[in-house]
Amino acid sequence: MKLATFTTGQTAEIGLVRGDRLLSLTRAAPQLAPDMMALIAGWDALEAEVRRLDAAGETHLDLSEARLLAPVPHPRKILAIGLNYADHVAESGLPTPEHQLWFAKLPNTVNGPYDDVQIPLASDKVDYEVELVAVIGRPGRHIAAAAAPQHVFGYCVGNDVSVRDWQIQTPQWVLGKSFDGHGPIGPWITTADEIGDPHRLDIRCLVNGELRQDSNTRHLVFDVWQQIAHLSEAMTLEPGDLLFTGTPGGVGWAMQPQQVLKSGDRVRCEIAELGAIECRMVPEAAPAARRASNAA
């Protein structure tokens, strides 16, 4: 199943994507769950009713009539692993990590699958990173790698937008990875049962139609199950947590000469069986106080 968060006006709804049509679960079964976080957390009890509604075949609107939002608008945690494809390690000029290298993207980075992404006032060194995003379903601590698939609710496409000069100023990457809106995800969550093994999916990124990244998730250095096992040694993973699982080679910062994103660029991230997200790069507007100061 493909589960989306969307709006046709002011109010967010959760829905089931059926081809080019949407079934609003919010309208069909308002008692089911108020939002995607609640649906994920209660999935064991709610799945049968969602599947019943799916089987009934009813839909409410064309997909084109809705604005798709980030499927998980307010995750508790966003965790991302660095240097997790061999070709990306090579282009970075760094040794293959012996241990998993994790950093946080803060919740303010969450952005819709087709929303604009800002080039911030603080820097123009903005880069793209297409990533498979795993959405945690069942909570757990000290999860064995063999049990990890049971804790994944589903998958979506992500773009780990990175402000490179801020990223490399310090060994801690959090600031360079956490500018507002620099974590678009979507276009929906494809449930784990529909994907099966996530380590076989073609993954690509295009900038203005030019293919920049082109790989397959089988090339992950540490696979999704190893990632979940490692993280859960440190913390309880909770429903709705997002794991950005790494980006393949082809990032703009590693090109010769370096290629950073410019205003008007369009970045499309695609993963087989999960769909695609696409953003337009736009300049951040100067705050009123700064505009007034410059005018003076």
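The values are calculated or read from the model by the stated rules, or taken from the named source; none is laboratory data. Everything numeric in this text was worked out from a predicted model, so none of it was measured. FYI the Cβ positions are ideal-geometry reconstructions off the backbone, even for glycines, and counts take in every protein chain you see. What goes into the accessible areas is simple: the full protein's heavy atoms, side chains included, and nothing from ligands, DNA or RNA. Shrake-Rupley method; radii C 1.70, N 1.55, O 1.52, S 1.80 Å.
Ignoring ligands, DNA and RNA, what accessible area per residue does the chain give at 1.4 Å, in Å²?
On the way: 12760 Å² over 296 residues.
Value returned for the chain: 43 Å² of accessible area per residue.
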What percent do you get for the relative contact order of the chain when only Cα pairs under 8 Å and 6+ apart count?
-> 24
Only Lys, Arg (+1) and Asp, Glu (-1) charged, at Cβ; segment 58-103 dipole about Cα centre in debye = 300
Sorted by chain and number, the residues with a modelled amide H under 5 Å from that of residue 138, at a separation of 5 or more or across chains, are 152, 153
Dipole of segment 121-211, positive end: most advanced residue of 146, 172, 123 [Cβ charges, Cα centre] | 146
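Apply the a/c threshold of 1.5 to the C-alpha gyration tensor of segment 100-247 and tell me whether it is rounded, prolate or oblate. Display every interim value, and only then the final one.
Numbers: a/c = 1.80, a/b = 1.41, b/c = 1.28.
Taking the square roots of the gyration eigenvalues as a ≥ b ≥ c, segment 100-247 is prolate.
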Per residue and in cubic angstrom, what volume does the convex hull of the Cα atoms of segment 90-184 have?
-> 135
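What GluC sites (Glu not before Pro) does segment 58-161 have in DSSP loop regions with at most 11 other beta carbons within 10 Å?
Details: sites: 58, 65, 91, 98, 129, 131; in loops: 58, 98, 129.
Loop-located and lightly packed - 98.
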Checked against a 18 Å limit on the C-alpha separation, the offending pairs among 105/262; 77/177; 77/105; 2/177 are 105/262; 2/177
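Rg/Rh for the chain to two decimals, with Rh computed the Kirkwood way over all alpha-carbon pairs. Mind showing how you got there, number by number?
Details: Rg = 19.1 Å, Rh = 19.6 Å.
In the chain, Rg relative to Rh is 0.97.
Report the convex hull volume per residue for segment 77-122, counting only C-alpha atoms, in Å³. Please report the intermediate quantities before stating the final value.
Numbers: hull volume 6.2 nm³, N = 46.
So the per-residue Cα hull volume is 135 Å³.
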Would you mind working out the magnitude of the charge dipole of segment 178-252 relative to its Cα centre, with +1 at each Lys and Arg C-beta and -1 at each Asp and Glu C-beta, to the nearest 20 Debye?
-> 280
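Compute the normalised compactness of segment 155-202: alpha-carbon radius of gyration over 2.2 N^0.38 Å, N being the residue count.
Working: Rg = 14.5 Å, N = 48, 2.2 N^0.38 = 9.6 Å.
So the Cα radius of gyration is 1.52 times the expected 2.2 N^0.38 Å.
I want to verify the translational diffusion coefficient of segment 7-84 in µm²/s; compute it with Stokes-Einstein, Rh as the Kirkwood radius over Cα pairs, at 37 °C and 0.692 mPa s. Each step should come with its number before you reach the end.
Numbers: Rh = 13.8 Å.
This corresponds to a translational diffusion coefficient of 238 µm²/s.
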Counting only DSSP loop positions in segment 13-117, the trypsin sites (Lys or Arg not before Pro) whose Cβ has at most 16 other Cβ atoms within 10 Å are 76
Under a GNM of the chain (C-alpha, springs under 10 Å), which listed residue has the highest mean-square fluctuation: 32, 121, 22?
-> 121
Alpha carbon centroid spacing (whole Å) that separates segment 170-196 from segment 111-132 = 11
Segment 1-122, accessible surface, carbon-and-sulfur percent (1.4 angstrom probe) = 52
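Just need the Rg to Rh number for segment 1-130, please, alpha carbons only, Kirkwood Rh. Mind showing how you got there, number by number?
Values: Rg = 18.8 Å, Rh = 17.5 Å.
My calculation puts Rg/Rh at 1.07.
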